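**Student:** Encoded as structure tokens, here's the structure I'll be asking about.
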Amino acid sequence: MRLVVDQGTPNLPDGVYQRSPWREVHLMTHSVLVPAAIAVVPKRQARALAAGWMSHVATDYLTHHDDAWSPLWPLTAKRWPAPVSYWQVEHHARPFAALDASGLILRGFVRRDAASVAAASVATAMLIRLVVAPGNPLNL
């Protein structure tokens, strides 16, 4: 199924990422301030949540160039574009996608549980697509 949008209708990502209140929600959830505040709660579950959240935020900071997040929002809107983008070909998206897919394939061989094998299958298709028809790395 393909979403077809006419010129006068905003597309879904713009509606989600660029309009209030969702823009502010995304900015807040990609700020290091929220998981840092949760990390000081003296409960193991809170620290685990903060660690997982912070690992996601760190990955986003390392893989977003033109759409970089502001790590200290709402204190500042300053962004630091990463040299690598997971989706922008001009910022090494193809090598990143190949490395990412290779890691998922390796996990499928090591873990052999249903989720890992399924992820490895999708990653194999993505890797083949990157080799056979290099275009947009996320365009399966």
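The rows are residues; the columns are (1) open to solvent by less than 70 Å² (accessible area, probe 1.4 Å); (2) modelled with pLDDT under 95.
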position: V32; (1), (2): yes, no
position: P35; (1), (2): yes, no
position: V40; (1), (2): no, no
position: L49; (1), (2): no, no
position: M54; (1), (2): yes, no
position: T59; (1), (2): no, yes
position: D66; (1), (2): no, yes
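**Student:** Need pairs with beta-carbon distance below 8 Å; first residue closer than 21 Å to P95 by Cβ and open to solvent by 90 Å² or more (accessible area, probe 1.4 Å) and within the range 107-131, second in a helix (DSSP H, G or I) and hydroxyl-bearing (S, T, Y); sequence gap 6+ or separate chains.
**Tutor:** R107/S116
**Student:** Among the residues of the range 91-119, count how many are under 18 Å from the mean Cα position of the chain (by Cα) and either of a type outside the set (K, R) or on the phi > 0 side of the Ramachandran plot (or both). Spell out the reasoning first.
**Tutor:** Kept after step one, since they are under 18 Å from the mean Cα position of the chain (by Cα), are these residues of the range 91-119: 91-104, 119.
Now restrict to residues that are either of a type outside the set (K, R) or on the phi > 0 side of the Ramachandran plot (or both): 91-93, 95-104, 119.
So the answer is 14.
**Student:** To continue, here is another question. Checking the condition in contact (Cβ under 8 Å) with a residue 24 or more places away in the chain and either among the polar types (S, T, N, Q) or in a helix (DSSP H, G or I) (or both), which residue from A101, A58 passes?
**Tutor:** Values: A58 fails: in contact (Cβ under 8 Å) with a residue 24 or more places away in the chain.
It is A101.
**Student:** I've got another one for you. Scanning for something in a helix (DSSP H, G or I) and either of a type outside the set (K, R) or touching a residue at least 60 places away in the same chain (Cβ under 8 Å) (or both), does the range 70-87 turn up at least one residue?
**Tutor:** No, that holds for no residue.
**Student:** Okay, moving on. Being in a loop (DSSP other than H, G, I, E, B), at pLDDT 75 or above and open to solvent by 50 Å² or more (accessible area, probe 1.4 Å) is the filter here; which residues of the range 1-30 pass it? It would help to see each step written out before you state the result.
**Tutor:** Narrowing the range 1-30 to residues in a loop (DSSP other than H, G, I, E, B): 1-11, 18-21, 30.
Applying the additional criterion that residues be at pLDDT 75 or above yields 18-21, 30.
Listed by number, the residues that qualify are Q18, R19, S20, P21.
**Student:** Restricting to the range 83-97, name every residue that is in contact with a helix residue (DSSP H, G or I) (Cβ under 8 Å, 6 or more places away or on another chain) and surrounded by fewer than 17 Cβ atoms within 10 Å (Cβ to Cβ). Talk me through it step by step, then tell me what you get.
**Tutor:** Looking only at the range 83-97, we keep the residues that are in contact with a helix residue (DSSP H, G or I) (Cβ under 8 Å, 6 or more places away or on another chain), and these are 83-87, 94, 97.
Hits for the range 83-97 are P83, V84, R94.
The values are calculated or read from the model by the stated rules, or taken from the named source; none is laboratory data. Fair warning: this is a prediction, and the values are worked out from it, not measured in the lab. Every residue, glycine as well, gets a Cβ built from its backbone with ideal geometry; the counts of neighbours run over all protein chains shown. Side chains are part of the model used for accessible areas, which takes the heavy atoms of the whole protein and leaves out ligands, DNA and RNA. Shrake-Rupley method; radii C 1.70, N 1.55, O 1.52, S 1.80 Å.
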